[in-house]
Amino acid sequence: MKNKVAVVTGSSSGFGLLTSLEMAKRGFQVAATMRNLDKGETLLSRAREHGVAHRIQLFELDVTSEQSISACQRFLQETFDSVDVLVNNAGYAGAGFAEEISVAEYRKQFETNFFGVIAVSQSILPMMRKQRAGKIINVSSISGKIGFPGLSPYNASKYALEGFSESLRLELRPFGIDVVLVEPGSFQTSIWTTGKRISERSLDPDSPYYQMLKTIENHLEQSSPRYGDPAEVARLIADIAEKRNPALRYSIGKGVKLMLALKTILPWRIWENLVLRKIQ
């Protein structure tokens, strides 16, 4: 029986790297894509340690480039008979305060976190629809369910991803294709360090929001030792890839389900006060 094929975007680090490794360990043939192939050696080194390097093929993919996506589509069609799983993981966290974030910065955030997901999905869907089977697993965030101050670009892109994924799931179910959202809370990945891009105006000490930014950053830094192991998210994604009839949403992370429940149950004014106390 041939190995199933999984495509994972943003595989050079974090959830993408660990998911590619976990999928390979479970017998999937993995097309691990990333913007810069020079960063792929970490994944390959880890794969060699586990004896699964032969199941991983690197491919350069910029999810914001039509030309790059078309090249990846040709590679997949020429290399594999089918694609069984697509994990849309590529993304970054845009931060700052709305008054100080240019519309261009918002657009850039959406190009990667939202439009990139649409474009890559569209390139692979014909293969899945033809075989009348497949799974599209979109890596969202608790930030797609709860808005946080100082993260409006990231929040907005993940809220958009949630709505798109709901619609896409309903469109594709008749073709035997499942669409699933994975919603991690805070995990120890580079998205909150090297992956976070803060608007320059909000970093200016003269900004009216500067002190609020410092308070938020201090809170994140103090909380970071309690962040979860990202391997948990990779295992969840691999479990979903192997699961028959998966649900639409899977939230994961310490305190995530409680936080989502509180936001649903509490009146907005109480919820608002709880959040604001953290940043004042």
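Bear in mind these aren't lab numbers, they're just calculated from the coordinates by the rules spelled out. Values in this document were obtained by computation on a predicted structure and should not be read as measured data. Every residue, glycine among them, receives a Cβ derived from its backbone with ideal geometry; neighbour counts consider all protein chains shown.
Rank the residues Asp81, Asp206 as a footprinting-exposure proxy: fewest other Cβ atoms within 10 Å of their Cβ go first. Mind dumping the intermediate values first?
Working: Asp81 9, Asp206 6.
Ranking Asp81, Asp206 by Cβ neighbours within 10 Å, fewest first, gives Asp206, Asp81.
Compute the helix-to-body angle for 268-279: its Cα long axis versus the longest principal axis of the chain, expressed 0 to 90° and rounded to tens.
80
Would you please give the residues with an amide H less than 5 Å from that of Val5, counting only those at least 5 places away or on a separate chain, with H modeled from the backbone geometry?
Under 5 Å from the amide H of Val5 lie the amide H atoms of Gln29, Asp84, Val85, each far enough along the sequence or on another chain.
Label points 7 Å out from Cα along the Cβ direction at Glu272 and Lys39: separation in nm?
For the pair Glu272/Lys39, the computed spacing is 3.8 nm.
More than 24 angstrom separation, counting every C-alpha pair in the stretch 81-191; what % is that? Intermediate results must be reported in sequence, preceding the final value.
On the way: 1692 of 6105 pairs.
Summing the P(r) tail past 24 Å for the stretch 81-191 gives 28 percent.
If I take every Cα pair under 8 Å that is 6 or more residues apart in the stretch 1-117, average their sequence separation and divide by the length, what percent do I get for the relative contact order? Walk me through the numbers on the way to the answer.
Values: 176 pairs, mean separation 32.7, N = 117.
Over the stretch 1-117, the number comes to 28 percent.
Distance check, please: which entries in Lys39/Lys263; Lys25/Lys214; Lys25/Lys158; Lys243/Lys278; Lys214/Lys243 exceed 32 angstrom between their Cα atoms?
On the way: Lys39/Lys263 39 Å; Lys25/Lys214 41 Å; Lys25/Lys158 29 Å; Lys243/Lys278 39 Å; Lys214/Lys243 43 Å.
As for pairs spanning more than 32 Å Cα to Cα, those are Lys39/Lys263; Lys25/Lys214; Lys243/Lys278; Lys214/Lys243.
List, in order, the whole-Hz ³J(HN,Hα) value for each residue of the stretch 174-183 obtained from phi through the Karplus relation with A = 6.51, B = -1.76, C = 1.60 and θ = phi - 60°; use x for Gly and Pro.
Coupling constants for the stretch 174-183: x, 9, x, 9, 9, 10, 9, 10, 10, 10 Hz.
Tabulate in residue order the Karplus-calculated ³J(HN,Hα) for the stretch 200-215, using 6.51 cos²θ - 1.76 cosθ + 1.60 with θ = phi - 60°, rounded to whole Hz; enter x for Gly and Pro.
4, 5, 6, 7, 6, x, 7, 5, x, 9, 4, 5, 5, 4, 4, 5
Give me the Kirkwood hydrodynamic radius of the stretch 16-171, using the inverse of the mean 1/r over all pairs of distinct Cα atoms, in Å to one decimal. Present the calculation step by step, with values, prior to reporting the outcome.
Numbers: mean 1/r = 0.0600 Å⁻¹.
Taking every pair of different Cα atoms in the stretch 16-171, averaging 1/r and inverting gives 16.7 Å.
List the residues, sorted by chain then number, that are 5 or more residues from Arg197 or on another chain and whose placed amide H is less than 5 Å from its amide H.
Excluding prolines and chain starts, which carry no amide H, the hits are Ala93, Gly94, Ala95.
Treating the angle as unsigned and between 0 and 90°, give the value, to the nearest 10°, between the Cα long axis of helix 66-79 and the longest Cα principal axis of the chain.
30
Compute the Rg/Rh shape ratio of the stretch 82-145: radius of gyration over Kirkwood radius, all on alpha-carbon atoms. Provide the component values of the computation, followed by the final result.
On the way: Rg = 14.8 Å, Rh = 13.4 Å.
On the Cα set of the stretch 82-145, Rg over Rh gives 1.10.
Over the Cα atoms of the chain, how large are the radius of gyration and the largest Cα-Cα distance (Dmax), in Å?
19.0, 63
Semi-axes, largest first, in whole Å: what does sqrt of 5 times each Cα gyration tensor eigenvalue give for the stretch 134-280? Kindly include the intermediate steps, with their values, before the conclusion.
Numbers: eigenvalues 187, 56, 48 Å².
Whole-Å semi-axes of the equivalent ellipsoid: 31, 17, 16.
Give me a comma-separated list of calculated 3J(HN,Hα) values for the stretch 249-254, in order, Karplus coefficients 6.51, -1.76, 1.60 applied at θ = phi - 60°, integers in Hz, x for any Gly or Pro.
Karplus values, whole Hz, x for Gly and Pro: 10, 9, 8, 8, x, 4.
What are the trypsin sites (Lys or Arg not before Pro) within the stretch 69-143 that DSSP puts in a loop, where the Cβ has at most 15 other Cβ atoms within 10 Å? Present the calculation step by step, with values, prior to reporting the outcome.
Values: sites: Arg74, Arg107, Lys108, Arg129, Lys130, Arg132, Lys135; in loops: Arg132.
The qualifying sites are Arg132.
With a cut-off of 17 Å, note down the residues of the stretch 157-172 whose backbone N falls inside the zone around a label point 7 Å from the Cα of Lys243 toward its beta carbon.
165-166, 169-170
Hey, rough spin-label estimate for Glu221 and Thr64, points 7 angstrom out along Cα→Cβ, what's it come to in nanometres?
2.8
Expressed as an acute angle from 0 to 90° and rounded to the nearest 10, what is the orientation of the C-alpha long axis of helix 14-25 relative to the principal long axis of the chain?
30
Just want the answer: with Cβ charges of +1 for Lys and Arg and -1 for Asp and Glu, which residue in Asn245, Pro267, Gly255 is farthest toward the dipole's positive end in the stretch 237-280?
So the residue we want is Pro267.
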